[in-house]
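Presented below is the structure to which this report refers.
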Amino acid sequence: MTRRVAIIGGGISGLSAAYYLDRARCEGADLRYELFESSPRLGGVMWTERVEGCLIEAGPDSFLSEKQSAAVLCRDLGIADQLVGSNDNQRKTYILVKGRLVPMPDGLMFMVPTKLMPTLTTPLFSTTTKLRMAKEFFAKPMRREEDESAAAFVERHFGPEVVDRLADPLLSGVYGGDAARLSVRAVLPRFLDMEAKYGSLSRAMLAAMKNRPAPVAGRNGAPPPIFTSMSDGMQQLVDAVVAQLPPEALHTDSVVRGVARDSGEWRVVSEESTRNFDCVIIATPAYAAGALLRDVRPELSVLLEQIAYSSSVTVALGYEAADFDGKVNGNRPDGFGFLVPRVEGKRLLACTFVHNKFPHRAPPDKFLLRVFLGGSRDEAALDLSDEQILRTVRDDLYSILKLTTEPAFMRVYRWRRSMAQYEVGHLARVAEINRLRSDLPGLSLIGNAYSGIGVPDCIRMGMDAAAEAVKSL
């Protein structure tokens, strides 16, 4: 009998599940699937636009190269030759400290110092913090059973200044969240392992650097890039997936109102129809999944709806390079961009110098900046008008870069409740979600709410959900 699979949600998680189900079908698996997406377009936050010769990313602009699932999908799609790496020759990140942009010192691995002289001479940290970092080198191994916040963990090792100037802005840039609420077990698990084995994170990082195998060189013999993207933007990956799926299986503008369990089958109620399936893959935000499952398993629904989300605003600004008058410490901006600690009192969270990070995204005569607002501490930014957002961005860029040039164009993108927050206790909550889900045969829950927020994580979950559905045949 043909196995019927419903996929609810058409972001990259749901699309990945659909693609690998379709591959299994083409290879002889007796299954049929349908994907339901409530919005008019597929791809979720992965959305690329072209404006005046510039490639603008409304959502994620790349993925970590070391996570292989995205590259595997590209190879399977036949578009691996379209992968492009970040321009790591320009890889420098600044931190705003007392109104001045300070480069992160050489040898700083995320927030862990591994080189003595750059750490001693950087103006990023006070003398007190530098002494604290030196003392941390002699910390003894320890293992804590209870979860704690990332901020508390970092403060135990390096002090509050490192939390304010590094941990909080770095984690805000990745998760759009608050280091004082994010779970160290969920967002920094490798640091916990280092603490348990070595005590000192610095000593552990040096040992890891000494023992790690040499990186596999890229095409030109250089080390692989930190970030990877697509030559025509991240939506190119979405478009490549959609092009290989049968159009009749993809339903956009199709709102699913609920799911129900009936005689071993799953009933999916959409605005257009009510149909039964053997498996359901829910690839929506956790709060939406909770609403769908409210009548199926109330306790599972409650846990899903407890996962917090933050919102963000992404603003792309294009400038004529000849007229751009912004400066970083007196020079034209170099590096990948800058982060703004909350203690600096700005609304801006970060800024990427896109033309440096991915030069192919802007012509030589254009500068392309991408700035971020919102996050868990500033949900109100989503309700600002475009004019208010532009005024805020102008004011902060003038304050930080002394930039007075008017942009040639601007695009504003609002992503409401789009980023899951892995708050303290997250792993225990997800474990309980998985336990309850295992009592509901044929149900998969995927997306950035569970075991990774990046594009490769979402693709991996889509792959796994498809494999689980095929295995149940």
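The values are calculated or read from the model by the stated rules, or taken from the named source; none is laboratory data. Model, not experiment: these values are computed from the prediction. Ideal geometry is used to build each Cβ from the backbone, glycine not excepted, and the neighbour counts take in all protein chains shown. For accessibility, only protein heavy atoms count, side chains too; no ligands or nucleic acids. Shrake-Rupley method; radii C 1.70, N 1.55, O 1.52, S 1.80 Å.
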Quiz item: For the modelled label position 7 Å from the Cα of residue 417 along Cα-to-Cβ, which residues of segment 307-345 have backbone nitrogen atoms closer than 17 Å?
Solution: 307-313
Quiz item: Which whole-angstrom value gives the distance between the alpha carbon centres of segment 348-426 and segment 163-213?
Solution: 26
Exercise. With everything on Cα atoms, drop me the angle between helix 426-438 and the longest principal axis of the chain, reported from 0 to 90° to the nearest 10.
Key: 10
Quiz item: Pairs 98/140; 92/115; 115/402; 130/357: which exceed 22 Å Cα-Cα?
Solution: 98/140; 115/402; 130/357
Quiz prompt | Among 186-193, 157-164, 6-13, 260-267, the order from most to least packed when residues are scored by Cβ within 10 Å on average | solution = 6-13, 157-164, 186-193, 260-267
Quiz item: Mind ordering 326-333, 315-322, 279-286 by average Cβ neighbours within 10 Å, highest first?
Solution: 279-286, 315-322, 326-333
Practice problem: Kindly write out, for segment 140-151 in residue order, the coupling ³J(HN,Hα) from the Karplus curve 6.51 cos²θ - 1.76 cosθ + 1.60 (θ = phi - 60°), rounded to whole Hz, with x marking Gly and Pro. | Solution: 8, x, 7, 10, 9, 7, 7, 6, 8, 6, 4, 4
Quiz item: What FRET efficiency would be calculated for the residue pair residue 41, residue 428, taking the C-beta separation as r and a Förster radius of 56 Å, to the nearest 0.05?
Solution: 0.95
Quiz item: For the chain, what is the mean residue ellipticity at 222 nm derived from helices alone (per DSSP H run of n ≥ 4: -39500 (n - 2.57); sum divided by total residues; nearest 500 deg cm²/dmol)?
Solution: -9500 deg cm²/dmol
Quiz prompt | Inter-site label distance for residue 208 and residue 273 at 7 Å from Cα along Cβ, in nm | solution = 5.0
Quiz item: Per residue, what accessible area does segment 104-163 have, given a 1.4 Å probe and all protein chains present, in Å²?
Solution: 54
Quiz item: What's the extension gain from residue 146 to residue 377 if we count 0.36 nm per residue and subtract their Cα-Cα distance?
Solution: 80.6 nm
Self-check item: Which of 44, 86, 102, positive extreme of dipole for segment 24-111 (C-beta unit charges)
Solution: 102
Quiz item: If the label point is 7 Å along Cα→Cβ of residue 174, which residues in segment 107-146 have backbone nitrogen under 16 Å from it?
Solution: 108-113
Practice problem: Determine, for each peptide in 249-256, 127-134, the mean count of other beta carbons within 10 angstrom over its residues, then list the peptides with the highest first. | Solution: 249-256, 127-134
Self-check item: Average accessible area per residue (Å²) across segment 289-341 - probe 1.4 Å, nucleic acids and ligands excluded
Solution: 35
Practice problem: Take the alpha carbon atoms of segment 248-309, find their center, do the same for segment 1-76, and report the distance between the two centers in whole angstrom. | Solution: 19
Quiz item: Classify the chain: rounded, prolate or oblate, from the alpha-carbon gyration tensor (a ≥ b ≥ c, eigenvalue square roots; a/c under 1.5 rounded; otherwise prolate if a/b is larger than b/c)?
Solution: prolate
